[in-house]
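Sharing a structure, written as structure tokens. Questions coming.
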Amino acid sequence: MSNLSAVEPPDNPARSNETGHQDHNLLELRGIRAAYERIDVLFGVDLVVPEASVVALLGPNGAGKTTTLRVAAGLHVPSAGDVLIAGRRVNGAKPEELARHGLCMIPEGRGIFPNLTVRENLRMMTYVGRSLAEIEEIAYSRFPRLAERRTQTAGTLSGGEQQMLAMARGMATEPALLILDELSMGLAPIIVAELYEMVAQVARSGVSILVVEQFASTVLGVADYAAIMVHGRIERAGRPDELAADLSKAYLGG
């Protein structure tokens, strides 16, 4: 497991749980504002991902979800606000530095090498200091189907298998915090359900997960918490069963 440790952030009553005790938050965004050139896209985003939990960031297209993930992963510098990982402010940290300390982001589009085989894709992850045998053991234990495809070119895999490979590459780093962007993009519902069961298994192993999904029904079954983003702001956050009415308003208007 990575050397990211969950330490209690400074007291903030707005972020305390219902028992009055502070959660151990692995990721916290405080008052995040962000822009592309002169166009503002995030307007004071507050979001937390507690230790060993799945948090779903939901909302319609153009809400600012992917930009929020990019800020969290160090890929987009916020114009204001703070990013904290395990209670430490990491504004300005490079993505590779955050990756070495336990953050892994799997972007929309999967991020695999289509002209390489499954095994060669996994071999690329040996830079983290593990042998190929160790990485394959981690990958194939979580995704047995990849073992059957190990010599197959990644670009010829099904969409679901490509997503499994992307997740397997990410899990080779044994991250403390996994960020997923549109895991279900372009996949059949039965494959999406299978992938999200794997997400739930990863979370049960102690990994914190922040996942963006446009389609709420695909993720709420495994999410511990959810946040609804509209027009660059978090409109509501809470347990999935508390947000049904708010989700309808976010997607349909009102």
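Readers should treat all values here as calculations from the given coordinates under stated rules, not as data from a laboratory. Here the structure is a predicted model, which means the values were calculated and not measured. Note: ideal-geometry Cβ built from the backbone for every residue, glycine included; neighbour counts use all protein chains shown.
Search the structure for amide H atoms under 5 Å from the amide H of residue 87, placed 1.01 Å from N in the peptide plane, and list their residues when 5 or more places away or on another chain.
The answer is 7.
Which value in nm describes the separation of the simple spin-label points at residue 197 and residue 158, placed 7 Å from the Cα toward the beta carbon?
My value for the distance between the label points is 1.3 nm.
Okay, moving on. From the residues 229, 106, 56, which one has its Cα farthest along the dipole of the chain in the positive direction, the dipole being from +1 and -1 charges on Cβ of Lys/Arg and Asp/Glu about the Cα centre?
106
Calculate the spin-label point distance for residue 96 paired with residue 215, positioning each point 7 Å from the Cα along the beta-carbon direction, and give it in nanometres.
Computed distance between label sites residue 215 and residue 96 equals 3.7 nm.
R0 = 41 Å: FRET efficiency of residue 116 with residue 242, Cβ-based, nearest 0.05?
Efficiency, rounded to the nearest 0.05: 0.40.
Given bins 10 angstrom wide, list per bin the percent of all Cα-Cα distances in the range 105-173, short to long.
Calculated P(r), rounded to whole percents: 24, 62, 14.
Right, next: Give me D for the range 204-245 in µm² s⁻¹, whole number, from Stokes-Einstein with Rh from the Kirkwood sum over alpha-carbon pairs, 10 °C and 1.306 mPa s.
Roughly 141 µm²/s, to the nearest whole number.
Just from its helices, what would the mean residue ellipticity at 222 nm be for the chain, if runs of 4 or more DSSP H residues each count -39500 (n - 2.57) and the sum is divided by every residue, rounded to the nearest 500 deg cm²/dmol?
Taking each H run of at least 4 residues, the total per residue is -8500 deg cm²/dmol.
Under 5 Å between amide hydrogens, which residues at least 5 positions from residue 26 or on another chain qualify, with H placed 1.01 Å from N in the peptide plane?
Close amide H contacts, sequence-distant or interchain: 49, 51.
Once you have the alpha carbon radius of gyration of the chain, what is it after dividing by 2.2 N^0.38 Å, with N set to its residue count? Before the final figure, lay out the partial values.
Working: Rg = 17.8 Å, N = 254, 2.2 N^0.38 = 18.0 Å.
Normalised Rg, Cα atoms only: 0.99.
While we're looking at this one, here's another question. Only four residue types carry charge here, +1 at the Cβ of Lys and Arg and -1 at the Cβ of Asp and Glu. Report the dipole size of the range 105-173 about the Cα centre in Debye, rounded to the nearest 20.
The dipole of the range 105-173 has a size of about 20 debye.
Let me ask something else about it. Dipole magnitude of the chain about its Cα centre, charges +1 at Lys/Arg Cβ and -1 at Asp/Glu Cβ only, in debye to the nearest 20?
560 debye
Which of 218, 238, 195 sits farthest toward the positive end of the charge dipole of the range 174-254, with +1 on the Cβ of Lys and Arg and -1 on the Cβ of Asp and Glu?
Value: 238.
Moving to a separate point now. Where is the GNM fluctuation largest for the chain (alpha-carbon springs, 10 angstrom cutoff): 71, 128, 192?
Largest GNM mean-square fluctuation: 128.
Restricting things to alpha carbons, find the Rg to Rh ratio for the range 53-126 using the Kirkwood radius for Rh.
Ratio of gyration radius to Kirkwood radius: 1.02.
Can I ask one more? In the neighborhood of residue 132, defined by Cβ-to-Cβ distances under 10 Å, what is the net charge if each Lys or Arg adds +1 and each Asp or Glu adds -1?
Values: positive: 119, 123, 130; negative: 120, 134, 136, 137.
In short, -1.
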